[in-house]
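Novice: Here's a structure for you.
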Amino acid sequence: MPGLSPQYNPKDVEERLYRQWETAGYFHADADSSRAPYTIVIPPPNVTGILHMGHALNNTIQDILIRCKRMQGFNALWIPGTDHAGIATQNVVEKMLASEGKRRQDLGREAFVQRVWQWKEQYGNTIIYQLKRLGSSCDWRRSRFTMDEGLSDAVTEIFIELYNQGLIYRGSYIINWCPRCQTALSDEEAPRQETQGKLYSIKYPLMGHEGARGKGQGARVDWKSRAPCLLSPVPAFIEVATTRPETMLGDTAIAVHPKDKRYKALVGRFALLPLVNRKLPIIADERIDRSFGTGAVKVTPAHDPLDFQLGMKHDLKFIDVMTDDGHMAGHDEVPAAYRGLDRFECRSKLVVDLERERFLGKIEEYTHNVGHCYRCQTVIEPRLSPQWFVKMKPLAEPAIRAVKEGKIRFSPKRWTKVYLNWMENIQDWCISRQIWWGHRLPVWYCKNCTQGQGVGDEGQGKSTSHAPRPAPRSPDSRVIVTRQKPERCPSCGGSQLVQDEDVLDTWFSSWLWPFSTLGWPKKAPDLGYFYPTNTLVTAQEIIFFWVARMIMAGYFCMGKPPFTRVYIHGTVRDITGKKMSKSLGNIIDPLEIIDKYGTDALRYTLVTATAIGQDIFLSEERFVAGRNFANKLWNATRFVLAQVTDGQCSVVSEKERPSTSHRSLVTDRRSVPDRWILSRLQRTIQRVTASLDECLFNDAANALYDFLWHDVCDWYLEIAKVQLAQTADSRQQTADLLVYVLEASLRLLHPIMPFVTEELWQHLWDGGQGRNVPAHSPHSIMVAEWPKVNRKLIDEEAEALFEQFKAVVGAIRNTRAELNVPNDRKTPVVLLISKNPSIRCFLDKHKALLQTLAVSTAAVLKPEEFKIQKDAIVAIVSNVEVVIPLGGFMDDKARQRLQQRVEELTKHLAQTDARLQDPQFTDKAPADIVEQNKQRRQELQETLTRFSNYLAALQST
RNA sequence: GGGCGGUUAGCUCAGUUGGUUAGAGCGUCUGAUUUACAUUCAGAAGGUCGGGGGUUCGAGUCCUCCACCGCCCACCA
């Protein structure tokens, strides 16, 4: 066998084949109006990314789709690329700097960004190389990066367009602030940690009550003995709880639930802020939890996310009481005694002061989740900060409609609801980030115009000593939004213009990905041809971050959806159901799996583990099945090649073969097993094609596995061995058929297991030293034609007969095994008795197969030709009785077996009888079901009779 | 608190529109090697389909309640 070792070794083929494909240009697609496009855009992995199982799954699925469509004749384009991943990438580079003892501030912005670019050039392609090892057939010539020139233009373009339409505005927002690093942090960078803290109750005097006249007055109230708000009709205090007493200096209201009977009367009245004597309105809001604490909450809009929202809704004052470094601010709203104190010092001092003035209620130990800086572990401070926003509601409308009208379909369907629910409650999108790596906003401020107004000075170094009242959605004439840096300020003519310090959220470039990669905002021919793309393959985690926003951007910029179908795959988990993560140490590294078992094994196993939309539980053993499958194919092909090396095989793929010029596959002279395997192949083609169309990847993989392993290898190959040893004609037919079936199967399997199928396919052509290769045949399975169903080859009769045959073989094998007949000993005579003449004829004709497959001699009789033998054992397979005279093997076991079988049959017959005698059933069940039962009853009855007779005969001895 | 998913053999999971003896792979046990493949082949054992109730002639499948596991979103004053 030329060229094929007894074992498939992925390392010998993968790299070589991938290079072949890439060199041949099979991955590349150009706009071509004579063919239909099929387009996928890759979810761009982070440049900092290292291939993990999630990537492996995600890209395997995309590659399966794209390879399948390519073979089906579509002009298939898979656009790859990477995401600049703002914060993640900045962090990586900052860590490198840290090891040199430097901070990014030491370099300055420009040098730092330069440094990140350097890093990107050097390491940013790691993930690309890894995707190639997965076999991904992306059009690498079109690879894009979210910060390359064209994509940056796209970002600027949409920003300006949104701004001009009034959909981008500047407003205040609560962010996570690290007072030590003096930087804003995303939620991901400020992970919440369970922290032991204290919950302080503070009593705020109510105005219009004696206790509210001023500090000190409260001392006269006997507040210790009772909960004033709960029991007194005119309480002196309203009591609230907080974990951060220092924020009370920024309180501007007190909130209660509108339906809370305890406080209903107080809504609309005022309380006084202890120690400060600021007048606080008491407001009602449904977001207040009546059951928490006292049910009343102090509202600090500048220092708490919920309070911020309350502040916006109820039009409250926003008072920022801290500085950038976490000290109390120096402005007038903060009493002099606390100005400049560290926030925690201030907390202690306040507690002491409140206690002294008798404003303090109980203090409880309290465990809660507090955000900490991922880098320095400092407790983060929620803080008010000016940010840029996109107004989402108008953008969401067409995106909601598209999904409702089915222009974009989710599979599994259930994500539709999740998507719609989120979209219908969409919040404005904060798009500015206080980091250096990313797209700068096309926004400039004139230093002259904005002097002393705290506008041009945002970003890192902002110091909000004043109490800014957020002005959402108010266009600001001092802001200049334009593509290029303006020469002069349009209002004052000044030339001192500074660009906004912030960069845009990473997703602000990714949401343009489906069209920015095709050339938008330029009018590229590719755009008209490849857009909208077809299927988006992604994980559920980014439906909101990415998928929904792409749909909105697609409609906004292109007026069309970015894709027509969204396939959401599951999350890859370890065998105990935990997410794979480094910190848990439960990672299975796809690259290690590739090294150990091969890429095809990895892909096969991932795909078979993917029940639609379900999470995937992986353990390393599962990859063994994939490796074994590849090896099985390898050896089956090895065997087939050994049969055709005489160069006589002339089967070629349908594409090259005019149907008249080859030996017809449809012929009466074909054996039943031949007809059967051909029929099974057609059904497999049907099933695999349909399954891939519906994204049922595991179904496609299972169908191929069952067909190739069980139908082809276990049965047909064994039968072929017999047929190959018969006449020359039979040998030729069988060899042809083997090649035909295998070749088509390889094409079907190619999208899932690209490497082993390509290698074997090429050998199949070359196996006869090149004689099988027509001059014009494709050199690669990648571009071979997808198999088509030949309905003429679907042969129900052959399928039925062959099932019968398998069952007979099974019955004989089973009996032999149970009776421990040694394997080298043929079962002397097997009598196959059937009243059905066509089955009798078939079995008689294929006795040779039975003899080999069931290690037996066989004879076929009509029932009347048979006399019950005392030393025989019987199995009845549907309408064939398998009678095995036992000779020396007869023992009690055989009798027990019969006995057991009779009991089972009796029970089953009784069940069927009961059903048939039930008038409800016969009246109401459909006729075919009733008929089916009657037939079953008939068969059972006959079988039982014969078994009983055998048994009686045996027992009479 | 809101939403979603899951519960079928020892393990991991299939199970089409309800149709009558519930399947596969792995694992276990028994047997097989002058073999395409031991990364193999043949055979066996193993399940009251999470629990209760309902609809139906008929429920793993549909409805309802409950339990447990997991995920997402919000909140944690």
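Bear in mind these aren't lab numbers, they're just calculated from the coordinates by the rules spelled out. Keep in mind the model is a prediction, meaning the values are calculated, not measured. Every residue, glycine as well, gets a Cβ built from its backbone with ideal geometry; the counts of neighbours run over all protein chains shown.
Novice: Using Cβ counts within 10 Å as a stand-in for footprinting exposure, how do A:L341, A:L748 rank, fewest first?
Specialist: Ascending Cβ contact count within 10 Å gives the list A:L341, A:L748.
Novice: Using 0.36 nm times the number of residues separating A:R409 and A:Q499, minus their current alpha carbon distance, what extension gain do you get?
Specialist: Residue separation times 0.36 nm, minus the Cα-Cα distance, leaves 28.3 nm.
Novice: Next question. For A:L861 and A:K826, FRET efficiency with R0 = 25 Å and r from the beta-carbon atoms, rounded to 0.05?
Specialist: According to the calculation, E is roughly 0.85.
Novice: Shape call for region A:1-96 from the C-alpha gyration tensor, a ≥ b ≥ c root eigenvalues: rounded (a/c under 1.5), prolate (a/b greater than b/c) or oblate?
Specialist: It comes out oblate by the Cα gyration axes.
Novice: Taking the Cα-to-Cβ direction at A:M312 and at A:K259 and moving 7 Å from each Cα, how far apart do the two end points lie in nm?
Specialist: Distance between label points: 2.5 nm.
Novice: Among the aspartates and glutamates, select those whose C-alpha is under 14 Å from the C-alpha of A:K102, and discard any that sit fewer than 8 residues away in the same chain.
Specialist: Within the straight-line limit of under 14 Å, A:K102 reaches these aspartates and glutamates: A:E94.
Novice: Got a sec? Charge dipole of region A:154-195, +1 on Cβ for Lys and Arg, -1 for Asp and Glu; which of A:I168, A:T183, A:T156 is way out at the positive end?
Specialist: Highest projection toward the positive end goes to A:T183.
Novice: While we're here: Under 8 Å for C-alpha pairs, at least 6 residues apart: give me the relative contact order for chain A, rounded to a whole percent.
Specialist: 12 percent
Novice: Go ahead and collect, in residue order, the members of region A:297-332 whose backbone nitrogen is under 12 Å from a label point 7 Å along the Cα-Cβ direction of A:Y366.
Specialist: What the label zone holds, given the 12 Å backbone N cut-off, is A:297-298.
Novice: As a quick test, which of the pairs A:K313/A:K393; A:K391/A:K485; A:K198/A:K362 have an alpha carbon distance above 22 angstrom in this structure?
Specialist: With Cα atoms farther than 22 Å apart: A:K391/A:K485.
Novice: Give, as a single signed number, the net charge of other residues whose beta carbon lies under 11 Å from the beta carbon of A:L310, with Lys and Arg counted +1 and Asp and Glu -1.
Specialist: It works out to a net charge of -2.
Novice: What is the distance in Å between the Cα centroid of region A:324-378 and that of region A:28-95?
Specialist: The distance from the Cα centre of region A:324-378 to that of region A:28-95 comes to 50 Å.
Novice: Could you please state, rounded to a whole Å, how far the C-alpha centre of region A:896-957 is from the C-alpha centre of region A:499-575?
Specialist: 62 Å
Novice: Continuing with this model, one more query. Charges only on Cβ, +1 for Lys and Arg, -1 for Asp and Glu: so what's the dipole of region A:290-345 about the Cα centre, in debye to the nearest 20?
Specialist: With Lys and Arg at +1 and Asp and Glu at -1, about 360 debye.
Novice: About its Cα centre, how strong a charge dipole does region A:485-578 have in debye, to the nearest 20, once Lys and Arg get +1 and Asp and Glu get -1 at the Cβ?
Specialist: For this selection, approximately 380 debye.
Novice: Follow-up question, since we're still on this one. Among residues other than A:D106 whose Cβ falls under 15 Å from its Cβ, what is the net charge (Lys/Arg +1, Asp/Glu -1)?
Specialist: +3
Novice: Once amide H atoms are placed 1.01 Å from N in the peptide plane, what residues at a sequence separation of 5 or more from A:V860, or on another chain, have their amide H within under 5 Å of its amide H?
Specialist: It is A:L832, by chain and number.
Novice: What lysines sit close enough to A:K132 to cross-link, taking a C-alpha to C-alpha distance under 20 Å and skipping anything fewer than 8 places away on the same chain?
Specialist: Result set, ordered by chain and number: A:K11, A:K69, A:K120, A:K596.
Novice: Which cross-chain or sequence-distant (5 or more) residues have an amide H under 5 Å from the amide H of A:A284, H modelled 1.01 Å from N in plane?
Specialist: Under 5 Å from the amide H of A:A284: A:V256.
Novice: So who's got an amide H within less than 5 Å of the one on A:T82, skipping anything under 5 residues away but keeping other chains? H placed 1.01 Å off N, in plane.
Specialist: A:R144, A:F145, A:T146
Novice: How do A:731-743, A:190-202, A:125-137 rank on mean C-beta neighbours within 10 Å, highest first?
Specialist: Result, highest mean first: A:731-743, A:125-137, A:190-202.
Novice: Determine the shape class of region A:117-202: with a ≥ b ≥ c the square roots of the Cα gyration tensor eigenvalues, call it rounded for a/c under 1.5, and otherwise prolate if a/b is greater than b/c, oblate otherwise.
Specialist: oblate
Novice: Sorting check: for A:711-717, A:43-49, which peptide has the highest mean count of neighbouring beta carbons within 10 Å, and how do the rest follow?
Specialist: Those peptides, ordered most packed to least, come out A:43-49, A:711-717.
Novice: Any chance you could give the angle, 0 to 90 degrees and rounded to 10, that helix A:892-917 forms with the longest Cα principal axis of chain A?
Specialist: Rounded to the nearest ten degrees, it is 70.
Novice: Fewest first, what order do A:L591, A:L898 take by the number of other Cβ atoms within 10 Å?
Specialist: A:L591, A:L898
Novice: Which residue, chosen from A:C557, A:H331, A:L831, occupies the Cα position most advanced towards the positive end of the dipole of chain A, where the dipole is computed from +1 (Lys, Arg) and -1 (Asp, Glu) charges on Cβ about the Cα centre?
Specialist: Farthest towards the positive end: A:H331.
Novice: On the principal axes of its Cα set, how long, how wide and how thick is chain A? Give whole Å, largest value first.
Specialist: 117, 70, 53
Novice: Now, a different point. Please determine, in degrees from 0 to 90 and to the nearest 10, the orientation of helix A:754-766 with respect to the longest principal axis defined by the Cα atoms of chain A, where the helix direction is its Cα long axis.
Specialist: That helix lies at roughly 30 degrees to the long axis.
Novice: Could you give each residue of region A:843-850 its phi-based ³J(HN,Hα) in whole Hz, using Karplus coefficients 6.51, -1.76, 1.60 with θ = phi - 60°, and x for Gly or Pro?
Specialist: Calculated HN-Hα couplings, in order: 5, 4, 5, 10, 4, 4, 5, 4 Hz.
Novice: If you don't mind, another one. Among A:G49, A:Y129, A:F112, which residue has its Cα furthest toward the positive end of the charge dipole of region A:44-167, with +1 on Lys/Arg Cβ and -1 on Asp/Glu Cβ?
Specialist: Comparing the listed Cα positions along the dipole, A:Y129 ranks first.
Novice: Further question on the same structure: Taking the Cα centre of chain A as origin, sum charge times position over the Cβ atoms of Lys and Arg (+1) and Asp and Glu (-1), and report the length of that vector in debye to the nearest 20. Intermediate results must be reported in sequence, preceding the final value.
Specialist: On the way: 124 positive and 112 negative charges, 297 e Å.
Using Cβ point charges on Lys, Arg, Asp and Glu, chain A gives about 1420 debye.
Novice: Estimate the FRET efficiency between A:A31 and A:Q7 by the formula 1/(1 + (r/R0)^6), using the beta-carbon distance for r and 51 Å for R0, to the nearest 0.05.
Specialist: Working: r = 44 Å, r/R0 = 0.86.
In this case the efficiency is close to 0.70.
Novice: Quick check: net charge around A:K407, other residues with Cβ under 13 Å of its Cβ, Lys/Arg +1 and Asp/Glu -1?
Specialist: Overall, the nearby charge balance is +4.
Novice: Mean residue ellipticity at 222 nm from the helices of chain A, using -39,500 (n - 2.57) per DSSP H segment of n ≥ 4 over the full residue count, to the nearest 500 deg cm²/dmol? Write out the running numbers ahead of the final one.
Specialist: Working: 31 runs with 380 residues, N = 957.
Value at 222 nm, helices only: -12500 deg cm²/dmol.
Novice: I've got another one for you. Tell me, what ³J(HN,Hα) does each residue in region A:344-360 have, in order and in whole Hz, if you take phi through Karplus 6.51 cos²θ - 1.76 cosθ + 1.60 with θ = phi - 60° and put x for Gly and Pro?
Specialist: 7, 4, 4, 4, 4, 5, 4, 4, 4, 5, 5, 4, 4, 8, 6, 9, 8
Novice: Cα gyration tensor of region A:378-423, axes a ≥ b ≥ c as square roots of the eigenvalues: rounded (a/c below 1.5), prolate (a/b > b/c) or oblate?
Specialist: The shape class here is oblate.
Novice: Just rank A:F292, A:F270, A:F515, A:F921, fewest to most, by other beta-carbon atoms within 10 angstrom.
Specialist: Values: A:F292 11, A:F270 18, A:F515 25, A:F921 14.
Ordered from fewest to most neighbouring Cβ atoms within 10 Å, A:F292, A:F270, A:F515, A:F921 come out as A:F292, A:F921, A:F270, A:F515.
Novice: Quote to one decimal, in nm, the extra length available between A:L199 and A:Y129 on full extension: 0.36 nm per residue of separation minus the C-alpha distance between them.
Specialist: Difference between extended and current length: 19.9 nm.
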